[in-house]
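Note sheet for the following structure.
Each reported figure results from applying straightforward, stated rules to the coordinates on display, with no laboratory input. What you are looking at is a predicted structure, and each value in this text was computed from that prediction instead of being measured. All Cβ positions, even for glycine, are placed from backbone atoms using ideal geometry, and neighbour counts span all protein chains on display.
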Ligand SMILES: NC(=O)c1ccc[n+]([C@@H]2O[C@H](COP(=O)([O-])OP(=O)(O)OC[C@H]3O[C@@H](n4cnc5c(N)ncnc54)[C@H](OP(=O)(O)O)[C@@H]3O)[C@@H](O)[C@H]2O)c1
């Protein structure tokens with residue numbers, strides 16, 4: 001596999017790099033040398049490299065920032081994936097593109113399937129949906145659009161690291177308890193992407209990939225604080241209090257419920273992703289090893 005990894009300095013890209021199959025040749029592309037919004041540069045870079053697989057981990061991921069910079073968000077998250085699809089078509093590569101649960105409105109009460117209607121609530125969600133549509137409209141046949149949710153892992157800003165910092169600084173945490181989703185460890189997602197790529201005759205298209213189970217941000221925070229204590233972090237927080245979304249107003253509205261139905265991936269690969277609690281524990285063990293320099 002000759003792999004072009006777009007957004008190669010990001011959090012998910014780090015695990016894609018680590019878990020790429022032995023023997024694959026990986027080439028990273030990221031700002032400032034490579035700008036996904038520059039169509040000519042994207043086409044030229046892919047034409048030069050001639051990858052067999054392009055994995056797009058690049059995105060404008062600041063969800064609240066997208067509200068005031070929707071133009072830029074739409075160029076990176078909306079137009080950029082279309083350029084990659086065009087490039088993939090030209091060189092005969094498979095494109096893997098990462099999308100988000102924020103393409104959904106969150107008003108369902110049962111897990112979202114791949115073909116459920118998309119109604120993003122935020123500029124970020126709209127820009128990511130534009131990226132999905134650009135790939136579909138490109139005419140490229142061999143693509144995986146992988147929607148995921150609540151990502152965390154080493155080497156990135158994420159909810160787990162934010163809660164850990166606050167739990168060490170504060171006596172009490174107040175966390176939103178009326179938004180439900182599935183936390184997903186970057187290592188699980190990267191492994192699942194390579195499982196899809198290893199299929200001999202895959203059904204290309206959209207896949208929902210997230211760790212098993214569901215919780216609220218409050219439930220996730222409680223689990224983080226509990227595990228932090230078990231793993232010897234200097235936790236000061238004694239309580240994690242549930243609050244309502246309306247008590248913590250943010251610029252971008254979030255879906256109240258964005259749990260995925262993952263049957264399509266299970267049917268395609270025969271593999272399920274781990275439960276989010278088990279993966280959170282694995283992440284804490286990995287953090288300890290990284291701290292010890294192992
Ligand atoms: N994080 C989550 O909770 C979450 C949830 C659902 C889906 N996703 C999706 O999962 C994917 C990976 O997310 P992540 O959290 O790993 O992202 P990340 O850590 O923010 O990494 C994104 C990378 O893309 C780069 N980038 C931004 N604009 C670019 C451009 N114009 N040209 C080239 N590279 C550019 C960024 O560079 P700079 O840092 O220099 O900007 C960064 O290195 C994204 O598609 C995201 O939308 C994330």
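Structural remarks
- For the stretch 1-145: rounded, prolate or oblate by the Cα gyration tensor [a/c cutoff 1.5]: prolate
- Measuring between their Cα centroids, the stretch 242-294 and the stretch 88-162 lie 15 Å from each other.
- Fraction of beta bridges assigned by DSSP in the stretch 139-294 that are antiparallel (%, nearest 5): 15 percent
- Average Cα contact separation per residue, the chain, under 8 Å, 6 or more apart, as relative contact order %: 20 percent
- Sorting 1, 163 from the fewest to the most surrounding beta carbons within 10 angstrom yields 1, 163.
- For the chain, the longest principal axis of the C-alpha atoms and the axis of helix 276-292 are separated by about 90°.
- Packing-based order for 219-230, 235-246, 64-75, using average beta carbon neighbours within 10 Å, highest first: 219-230, 64-75, 235-246
- Ordered by the count of other Cβ atoms within 10 Å of each Cβ, fewest first, 124, 265 give 265, 124.
- The stretch 1-106: relative contact order as a whole-number percent, Cα under 8 Å and 6+ apart: 32 percent
- Note on the chain: antiparallel DSSP beta bridges, both residues inside, total approximately 5 percent of the bridges counted.
- The stretch 203-294: C-alpha gyration tensor shape, a/c 1.5 cut-off, then a/b vs b/c: oblate
- The chain, helix-only ellipticity at 222 nm - DSSP H runs n ≥ 4, -39,500 (n - 2.57), divided by all residues, nearest 500: -12000 deg cm²/dmol
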